[in-house]
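*Asks:* My questions all concern the structure below.
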Amino acid sequence: MSSDFPIELSDIGKTYKIYHRPIDRIREMYSLKRRSYHADFQALADVNLAIPKGQTVGIIGPNGSGKSTLLEIICGTLTPTRGTKKVQGRISALLELGAGFNPAFSGRENVYLNASLIGISKEEIDARFDQIVEFSGISDFIEHPVSTYSSGMYVRLAFAVAINTDPDILIVDEALAVGDIRFQRKCYRRFAELQKAGKTILFVTHSVDLVQAHCSNAIYLKNGKISSEGDPKQVIQEYLEDMFGPQSPDERNLAAVFGTSTQNRDLDNSPELDFQSYDDNKPDTERRKHGKDDLSIPSDQFAERQNYNAAEYRWGEQKAFFYDYKLEEGGGNPKSFFSTGDRIRLAAKVFFTTSLDRLIYGFTIKTVDGQVVFGSNSRSREMGFFGGESGQTVIVNFDFVCSLVPGDYFISIGIAADDDARDNIAIDRRYDAICLPVVGHVGDFGVSDLSFNLHVDPDLNF
Ligand code: ADP
Ligand code: MG
């Protein structure tokens, strides 16, 4: 075929062998009867792709859908089990965080090492070295061992190498999410230059907005297969509907959609969260400590609801607790993704297992990297205290305007009890429990949409 398609895959499949115990691999190797000790796991199947030269292709799909496997096969770091692949041109790839970096070496040494792995000569790197360091922004640290780098520095340097070595094909696997916003913007500007120069770019991201902003083409992978491919807008729509929409209730794996950053979230390091001045309340290890056997206690419905984030972080005594919610447009229509300017209502049901008073309700929106966008609570709003009787259900409504730039956000809600001695006591705090995807025109950056306008007045009206 012609070089108009630098990447061509036909019937590519990848099956991993899963060994339940390490010993099984050895047993299989030495089995005289050639017995099998593994299970097969199909990570990719029937992948047919021809990526035209000069395209920027965004690859989206939930965790485990085979995105990294696909990129690695294209890069040649992984051999497919089936099918054929043709790749023409020099590939520069940023696959995993720090892959190809040796922690004991300095940044400088690693630049050379990394570049040699992608077939770039020492002379070429000599010529580009300053540019790489400048792009990475890590300045003097270039002489320090990379083991002393933060993950952000790692990515910046790796990315600077990948992007400044004149690749024909640039492949980036989610790594950019680690860099800071300013660095990301610099990378996307560089993407634009590479695009103008007719280079082919493939990148995996969990952010559909980035795909919409930067890609001429998108691929949605689902369970190792291409579920849809083509115009980013349509592909994104299909993906969002699958993930958030009513069409497939079985697939609301929002933690997957929102990437790994939702898991392993270190809350101790999070900036101020919903209720002010919560101090050392520790997560409740025993759930439901409300020994009222005669009450019929509603079961938690969150997991059944759209936009629920299974990786939420929850604690509190749960003498009163949130057990259900709905997210809807101001007009009352249930909705799972929103546009800038939409009025949003989140209605959450609270059940009281004990009569309580002096309660405070709180609400916070955060970005996927934990930055608080907005927080408020009934105390800071001077609304007085709330309460409820044992066995009672109340609905707490959180009503707000979606003044956010497109992106992925999380909503946290909480109930706390005012206590003179201990400040606030967590009753039920559900951090990052609800995902709030905001879609729409991409171009502005930051988090808040200020309905900004810009005019230039030629008539000197001041
Ligand atoms: P994604 O990048 O979309 O999250 P991956 O391509 O990393 O997905 O993985 C696809 C699937 O293959 C996952 O279910 C993952 O657990 C599995 N997988 C990936 N690498 C291996 C491996 N070396 N051995 C066994 N299973 C693997
Ligand atoms: Mg991956």
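*Asks:* Please go through region 121-142 and pick out each residue that is surrounded by 12 or more Cβ atoms within 10 Å (Cβ to Cβ) and not hydrophobic (A, V, I, L, M, F, W, C).
*Replies:* Result: Glu124, Arg128, Gln131, Glu134, Ser136, Gly137.
*Asks:* Okay, moving on. Checking the structure you have, find out if any residue of region 36-54 is at pLDDT below 90, under 30 Å from Asp166 (Cβ atoms) and more than 11 Å from ligand 1 (Cβ to nearest atom).
*Replies:* The answer is no, given that none of the residues of region 36-54 is at pLDDT below 90, under 30 Å from Asp166 (Cβ atoms) and more than 11 Å from ligand 1 (Cβ to nearest atom).
*Asks:* Within region 78-120, how many residues turn out to be within 14 Å of ligand 1 (Cβ to nearest atom), surrounded by 16 or more Cβ atoms within 10 Å (Cβ to Cβ) and of a type in the set (S, T, N, Q)?
*Replies:* Summing the residues that are within 14 Å of ligand 1 (Cβ to nearest atom), surrounded by 16 or more Cβ atoms within 10 Å (Cβ to Cβ) and of a type in the set (S, T, N, Q) in region 78-120 gives 1.
*Asks:* Find all pairs meeting these conditions: Cβ atoms under 7 angstrom apart; at least six residues apart or on different chains; first residue within region 13-33 and modelled with pLDDT of 90 or more and within 16 Å of ligand 2 (Cβ to nearest atom); second residue outside any strand (DSSP E or B) and among the β-branched types (Val, Ile, Thr).
*Replies:* Lys14/Thr69; Lys14/Ile73; Lys14/Thr81
Residue-by-condition table, conditions (1) out of contact with any Phe, Trp or Tyr (no Cβ under 9 Å at 6 or more places or on another chain); (2) surrounded by fewer than 17 Cβ atoms within 10 Å (Cβ to Cβ); (3) at pLDDT 90 or above:
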| site | (1), (2), (3) |
| --- | --- |
| Lys289 | yes, yes, no |
| Asp294 | yes, yes, no |
| Pro298 | no, yes, yes |
| Phe322 | no, no, yes |
| Glu329 | no, yes, yes |
| Asp342 | yes, no, yes |
| Leu346 | no, no, yes |
| Phe352 | no, no, yes |
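*Asks:* Sticking with this structure for a sec: Of all residues in region 209-228, how many are within 16 Å of ligand 2 (Cβ to nearest atom) and part of a helix (DSSP H, G or I)?
*Replies:* 2
*Asks:* Of all residues in region 61-77, which are within 18 Å of Leu170 (Cβ to Cβ) and near ligand 1 (Cβ under 9 Å from one of its atoms)?
*Replies:* Across region 61-77, the qualifying residues are Lys67, Ser68, Leu70, Leu71, Glu72.
*Asks:* Quick one: would you say Val394 is of a type outside the set (S, T, N, Q), assigned to a strand (DSSP E or B) and in contact (Cβ under 8 Å) with a residue 24 or more places away in the chain?
*Replies:* For Val394, the condition - of a type outside the set (S, T, N, Q), assigned to a strand (DSSP E or B) and in contact (Cβ under 8 Å) with a residue 24 or more places away in the chain - is met.
*Asks:* What are the residue pairs meeting all of these: first residue in region 196-212, first residue under 26 Å from Phe337 (Cα atoms), second residue among the basic types (Lys, Arg), Cβ atoms under 7 Å, and 6 or more apart or on different chains?
*Replies:* Val204/Lys67; Gln212/Lys233
*Asks:* Can you tell me which residue in region 121-173 is nearest to ligand 1 (Cβ to nearest atom), limited to those that are in contact with a Lys or Arg (Cβ under 8 Å, 6 or more places away or on another chain) and in contact (Cβ under 8 Å) with a residue 60 or more places away in the chain?
*Replies:* Asp173
*Asks:* Within region 45-67, which residues are within 15 Å of ligand 2 (Cβ to nearest atom) and more than 20 Å from Pro6 (Cβ to Cβ)?
*Replies:* Those that are within 15 Å of ligand 2 (Cβ to nearest atom) and more than 20 Å from Pro6 (Cβ to Cβ): Ile60, Gly61, Pro62, Asn63, Gly64, Ser65, Gly66.
*Asks:* Consider Phe337 carefully, then state whether it is modelled with pLDDT under 90, touching a strand residue (DSSP E or B) at 6+ places or on another chain (Cβ under 7 Å) and either over 16 Å from Gly414 (Cα atoms) or of a type in the set (Ser, Thr, Tyr) (or both).
*Replies:* When the stated conditions are applied, Phe337 passes them.
*Asks:* Look through region 387-412, keep the residues that are buried (at least 23 other Cβ atoms within 10 Å of the Cβ) and aliphatic (A, V, I, L, M), and return whichever of them is farthest from Val368 (Cα to Cα).
*Replies:* In this case the residue turns out to be Leu404.
The values are calculated or read from the model by the stated rules, or taken from the named source; none is laboratory data. Just so we're clear, the structure is a prediction, and the values are computed from it rather than from any experiment. Neighbour counts run over all protein chains shown; Cβ positions are idealised from the backbone, glycine included.
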